[in-house]
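Take a look at the structure set out below.
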Amino acid sequence: MSNTQNHGTNADHMAASPPLLEVRGLSVVFDTPEGSHQVVDHVDLKVSSGQTLGLVGESGSGKSVTCLAMLRLLAARGRVINGEVLFQEQDLLKLSEDDMTQLRGCKIAMVFQDPMVSLNPVRTIGWQISESLHLHQNISREAAKRRTLEMLDLVGIPEPKTRYNEYPHQFSGGMSQRAMIAMAIACEPKLLIADEPTTALDVTIQAQILELLSQLKSDLDMALILITHDLGVIAEAADEVAVMYAGRVVEEAPVFDLFDNPMHPYTLGLLNSLPRVDRKVDRLNAIEGSAPPPHEFVEGCRFEQRCGHCDDSCTGTRPDFKNIGTSRRVACMHPITTS
């Protein structure tokens with residue numbers, strides 16, 4: 001099935017189903033010796049079964065922290081100060097730690113950014129995948145091993161019986177990423193969060209990983225949140241896109257609408273920095289300056305210092321979201337419109 005057909009099918013599916021996960025007003029601070037700094041600022045997100053939500057932005061924009069906060073996996077100095085995380089209409093922020101332990105890896109799973117760090121170097125790959133099944137499904141070791149071999153085969157790892165007894169250092173980067181995905185989907189979660197799943201992989205392996213995630217999403221009727229800074233990955237895999245900048249969501253749109261008509265200057269800057277086969281240039285366009293660190297976040301538009309569309313009205317006032325039709329919104333005082 002072509003990518004266009006997939007997007008259309010998913011759009012129809014989403015229209016008929018309520019959100020599986022809805023994040024409302026999520027705010028996160030980190031406490032440092034210099035004081036508390038808010039790194040995620042009133043983020044709203046929605047994702048439905050069978051849908052891929054792409055969460056995109058530069059490094060440091062708050063993408064990973066948002067998802068870690070949703071699962072209550074923040075580092076010791078991080079804490080949620082506001083918001084709700086409704087999964088199947090149940091607020092995860094109000095659950096006990098025991099309930100969260102049962103939910104993580106079972107109903108919601110996460111593929112972390114660096115599999116070489118996330119995998120335990122002194123345990124075999126088979127043991128690590130089986131452990132999740134023992135924890136959540138209370139099955140025998142023999143049954144867990146059979147299921148693990150099925151998962152290794154499903155994610156395209158050759159010779160599963162041999163690989164089952166191997167250690168992470170014996171796996172390549174692409175194989176390690178597949179092993180992480182096998183571990184995440186072993187219990188058939190309703191929601192999978194994939195944090196930069198193709199970083200540091202060559203383009204051939206990237207395409208294979210994206211195709212694998214798409215196929216698993218379809219087979220399991222699973223929702224997928226795809227965290228990345230790579231708009232090429234977003235174009236290939238996402239149905240809906242949320243663009244984050246300096247701890248805030250600044251634009252949300254269906255993927256085709258976002259690429260055809262970006263409405264936030266930051267989104268336009270990201271797209272203009274991409275190489276294109278239909279445009280030959282000596283040098284790619286880059287967004288001037290850099291994203292501010294959290295201790296320099298302002299209340300008004302945080303993109304103002306790098307934006308070519310701002311005026312005095314952008315200073316000191318947080319831009320409200322403007323709804324554009326029924327399927328997209330943008331937080332900008334002067335959204336870009338095409339004639």
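Can you tell me which residue is nearest to Val40 (Cα to Cα) among those in the stretch 299-320 that are exposed (fewer than 15 other Cβ atoms within 10 Å of the Cβ) and among the acidic types (Asp, Glu)?
Glu299
Inside the stretch 284-298, can you point out the residues that are closer than 16 Å to Gly35 by Cα and open to solvent by less than 80 Å² (accessible area, probe 1.4 Å)?
Answer for the stretch 284-298, where residues must be closer than 16 Å to Gly35 by Cα and open to solvent by less than 80 Å² (accessible area, probe 1.4 Å): Pro293, Pro294, Phe297, Val298.
Hey, Ala286 hits all of (1) touching a residue at least 40 places away in the same chain (Cβ under 8 Å); (2) assigned to a loop (DSSP other than H, G, I, E, B); (3) more than 23 Å from Lys46 (Cβ to Cβ) but one; which does it fall short on?
So Ala286 meets the others, but not (1).
Scan Thr228, Thr199 and give me the residue that is touching a residue at least 24 places away in the same chain (Cβ under 8 Å), among the polar types (S, T, N, Q) and touching a Leu at 6+ places or on another chain (Cβ under 8 Å).
The match here is Thr228.
So how many residues does the stretch 48-101 have that are more than 14 Å from the chain's Cα centre (by Cα), in a strand (DSSP E or B) and small (Gly, Ala, Ser)?
2
Looking at this structure, is Ala186 more than 19 Å from the chain's Cα centre (by Cα) and closer than 30 Å to Cys106 by Cα?
Here the answer is yes, as Ala186 does meet what is asked.
Just one of the numbered conditions (1) part of a loop (DSSP other than H, G, I, E, B); (2) surrounded by fewer than 16 Cβ atoms within 10 Å (Cβ to Cβ) is not true of Asn323; which one?
So Asn323 meets the others, but not (1).
The values are calculated or read from the model by the stated rules, or taken from the named source; none is laboratory data. Quick caveat: nothing in here was measured; it's all calculated off a predicted structure. Glycine also receives a Cβ, built like all others from the backbone with ideal geometry; neighbour counts cover every protein chain displayed. Ligands, DNA and RNA are stripped out before the accessible areas are found, and what is left, the full protein with its side chains, is counted by its heavy atoms. Shrake-Rupley method; radii C 1.70, N 1.55, O 1.52, S 1.80 Å.
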